[in-house]
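Asks: Mind looking over this structure? Questions follow.
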Amino acid sequence: MRVLFLDLDTLRADHLGCYGYLRNTSPNIDRIAAEGVRFEQYYCADAPCLPSRAALMTGRFGIHSGIVGHGGTAADLRLEGAKRQFQASLQRSCLTSIFRRQGMRTVTISPFAERHSAWWFYAGFTEMHNTGLGGMESAEQITPVVLDWLQRNAAADGWFLHVNYWDPHTPYRAPEEFGNPFATTPLPSWLTAEKLAGHRQHIGPHSARELAMYDNAIDPRFPRHPGELENMDDWRRLIDGYDCGIRHMDENIGHIFADLEKAGVFEETAIIISSDHGENMGELGIYAEHATADNITCRIPLIIRWPGCRRAHVDRGLHLNLDLAPTLADLFGQSPQPDWDGTSFANALRQGTECGRDFLIISQCAHVCQRSVRFGRWLYIRTYHDGYHLFPPEMLFDVENDPHEERDLATQQPDICREGAWRLERWHAEMMATMSAAEDPMWTVIREGGPLHARGHLAAYCDRLKSTDRGWAVAELARRHPGEFANKGN
């Protein structure tokens with residue numbers, strides 16, 4: 001058997017044609033969706049990049065694996081300690097071990113392990129190709145490595161190939177010669193000039209006036225990526241930059257499919273297409289970043305074309321990326337590993353049966369500290385550290401009727417908030433009761449100074465707020481984050 005896993009960084013589902021996007025960003029990806037199963041409500045358990053791939057590869061929530069952030073103690077897998085045997089348990093429970101048990105050659109073409117010093121990511125792989133630019137690669141730098149490998153190995157049986165593209169990740173980097181196929185196509189209609197003007201009063205990293213995180217600096221290497229959004233022309237430049245990244249990546253994926261067809265193995269190759277997280281494009285006042293535990297950052301595409309399984313089917317059950325390992329094991333007839341938190345949804349592939357979860361818990365501790373509950377049509381967000389965005393402690397969104405999270409209903413729907421809080425507390429109690437560590441890693445992040453990307457920037461950022469008619473926010477930031485103000489002399 002041959003399995004191709006396309007791991008497409010920062011790809012929000014609703015910017016793909018097969019998920020209903022108005023622009024033609026993804027004809028090659030859409031082709032696989034038409035031939036396989038598209039999962040409508042698939043989420044990363046922990047966001048963004050590092051925690052998400054930790055959940056994917058370990059089959060465990062970050063609260064169990066220890067990885068919930070991008071720095072500090074909570075960016076490393078927990079040591080097993082005295083119970084560790086000659087090999088760590090990850091050796092037998094990582095996603096790639098499923099393919100190893102089938103006697104398959106396991107290969108990754110990705111810079112991810114080096115980008116995040118996440119060397120555990122190599123567990124279960126027999127062959128690793130680091131494309132060497134730490135996630136700053138453009139597709140035309142990755143595809144030749146993939147095609148070279150396929151030229152030598154595609155016709156052989158028994159391989160699992162993981163390919164990691166980065167083009168939709170900020171900064172948007174499609175090469176200049178690619179042009180702009182979307183220059184005259186409509187923009188998403190939800191954001192208006194009036195709403196953008198309101199967002200320009202928002203504060204926090206990656207808000208409309210700080211696309212470079214804490215300022216409006218422009219990197220001349222990336223002309224598709226503006227420093228701030230002053231008007232709708234800037235909004236078009238940003239959206240076009242992101243969508244060009246997707247289309248450029250999709251065209252390169254088409255080259256991979258063409259080589260598989262040339263080798264005569266395309267139709268029989270299982271193909272998995274997914275991402276690590278999405279990208280906010282104005283939702284919650286955040287642009288060109290994946291910084292919250294919301295429906296835009298955490299909802300990701302999943303498309304699976306698997307031999308002998310359903311074709312042209314859409315599954316609408318609730319699933320997490322940590323459910324993928326148990327699902328693949330199930331498809332191969334393997335037993336689930338005892339430390340997996342995930343549950344199989346293989347029957348959605350085999351029979352089209354909805355076998356989703358009753359609710360999902362999603363987390364973000366790299367830019368903010370949030371945990372959220374996705375249930376029914378609701379998304380309940382609990383904020384523990386606001387990452388300088390001044391989010392309220394609780395937010396509630398009807399994501400079915402308000403997909404861009406414009407109307408916070410928390411004060412209008414206290415009963416729904418109580419249900420979300422109850423589900424979150426029940427999950428948390430279960431997680432804490434089933435792990436050996438004494439501390440929730442989210443609280444480790446807060447104790448060590450807060451989320452990595454919101455650590456040590458507050459003094460300089462408050463100076464910028466004062467100089468950009470938003471000085472009103474400084475007093476509230478001081479009230480919420482007195483430690484940082486005390487350390488910086490504000």
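Asks: Pick out, in residue order, every one of the trypsin sites (Lys or Arg not before Pro) in the stretch 186-231 that is DSSP loop and has at most 11 other C-beta atoms within 10 Å; say none if there are none.
Replies: Counting only loop positions with at most 11 other Cβ atoms within 10 Å, the trypsin sites (Lys or Arg not before Pro) in the stretch 186-231 are 221.
Asks: Here's a follow-up. For a quick protection proxy, order the peptides 462-473, 321-332 by their average other-Cβ count within 10 Å, most packed first.
Replies: Ranked from most to least packed, the peptides come out as 321-332, 462-473.
Asks: Over the chain, what relative contact order in percent results from Cα pairs under 8 Å that are six or more residues apart?
Replies: For the chain, the relative contact order is 22 percent.
Asks: Turning to a different aspect of this structure: Give me the log10 of I(q) over I(0) for the stretch 210-271 at q = 0.13, 0.14, 0.22 Å⁻¹, as the Debye formula computes it from C-alpha points; what are the numbers?
Replies: Once normalised to I(0) and log-transformed, intensities are -0.53, -0.57, -0.86.
Asks: Find, among the GluC sites (Glu not before Pro) in the stretch 77-182, those assigned to loop by DSSP (not H, G, I, E, B) with at most 15 other beta-carbon atoms within 10 angstrom.
Replies: 80
Asks: Could you tell me how many cubic angstrom of Cα convex hull volume the stretch 364-488 has per residue?
Replies: Expressed per residue, the convex hull around the Cα atoms of the stretch 364-488 is 126 Å³.
Asks: Report, to the nearest 10°, how far helix 232-262 tilts away from the longest principal axis of the Cα atoms in the chain, using its own Cα long axis and a range of 0 to 90°.
Replies: Around 10 degrees separate the two axes.
Asks: Once you have the alpha carbon radius of gyration of the stretch 301-363, what is it after dividing by 2.2 N^0.38 Å, with N set to its residue count?
Replies: 1.09
Asks: Stretch residue 384-residue 443 to full length: gain in nm at 0.36 nm per residue minus the Cα-Cα span?
Replies: 20.3 nm
Asks: Could you tell me the extents of the stretch 199-318's C-alpha atoms along the three principal axes, largest first, rounded to whole Å?
Replies: Here the Cα extents, ordered largest to smallest, are 53, 35, 21 Å.
Asks: Also, quick follow-up: Of 99, 478, 141, whose Cα points farthest to the positive end of the dipole of the chain (charges on the beta-carbon: +1 Lys, Arg; -1 Asp, Glu; origin at the Cα centre)?
Replies: Towards the positive end, the residue furthest out is 99.
Asks: Got a sec? Which residues in the stretch 53-73 would a label at residue 117 touch, if it sits 7 Å along Cα→Cβ and we count backbone N under 11 Å?
Replies: Correct set: 71-73.
Asks: Can you tell me the dipole magnitude for the stretch 260-369 around its Cα centre, using point charges on the Cβ only (Lys, Arg +1; Asp, Glu -1), in Debye to the nearest 20?
Replies: 380
Asks: DSSP beta bridges in the chain, what fraction antiparallel, as a percent rounded to 5?
Replies: 50
Asks: Then there's this: Check each of the trypsin sites (Lys or Arg not before Pro) in the stretch 322-418 and keep only those in coil by DSSP with at most 15 other C-beta atoms within 10 angstrom; list them in order.
Replies: The qualifying sites are 377, 407.
Asks: In terms of the Cα gyration tensor, with a ≥ b ≥ c the square roots of its eigenvalues, is the stretch 73-218 rounded because a/c is under 1.5, prolate because a/b exceeds b/c, or oblate?
Replies: Judged from the Cα gyration tensor, the stretch 73-218 comes out oblate (a/c at least 1.5, b/c at or above a/b).
Asks: I'd like the distance separating the alpha-carbon centroids of the stretch 244-270 and the stretch 34-63, in whole Å.
Replies: Answer, in whole Å: 23.
Asks: Given the rule -39500 (n - 2.57) for each run of at least 4 DSSP H residues, summed and divided by the residues of the chain, what is its mean residue ellipticity at 222 nm, to the nearest 500 deg cm²/dmol?
Replies: -9500 deg cm²/dmol
Asks: If you average the sequence gap of Cα pairs under 8 Å that are 6 or more apart and divide by the length of the stretch 102-257, what percent do you get for the contact order?
Replies: 23
Asks: How large is the charge dipole for the chain, taken about the Cα centre, if only the Cβ atoms of Lys, Arg (+1) and Asp, Glu (-1) carry charge, to the nearest 20 debye?
Replies: It comes to approximately 960 debye.
Asks: Here is a further query. List, largest first, the extents of the alpha carbons of the stretch 2-362 along their principal axes, each in whole Å.
Replies: So the three principal-axis extents are 56, 50, 40 Å.
Asks: So what's the net charge close to residue 24: Lys and Arg +1, Asp and Glu -1, counting the other residues with Cβ under 12 Å from its Cβ?
Replies: Around residue 24, the surrounding residues sum to -2.
Asks: Taking only the alpha-carbon positions of the stretch 1-139 and ignoring solvent, what does the Debye formula give for the base-10 log of I(q)/I(0) at q = 0.16 Å⁻¹?
Replies: Log10 of I(q)/I(0), two decimals: -1.01.
Read the figures in this text as sums done on the coordinates, not as results from a lab. Here the structure is a predicted model, which is why all the values come from computation and not from measurement. Cβ: placed from backbone, ideal geometry, glycine included. Neighbour counts: every protein chain shown.
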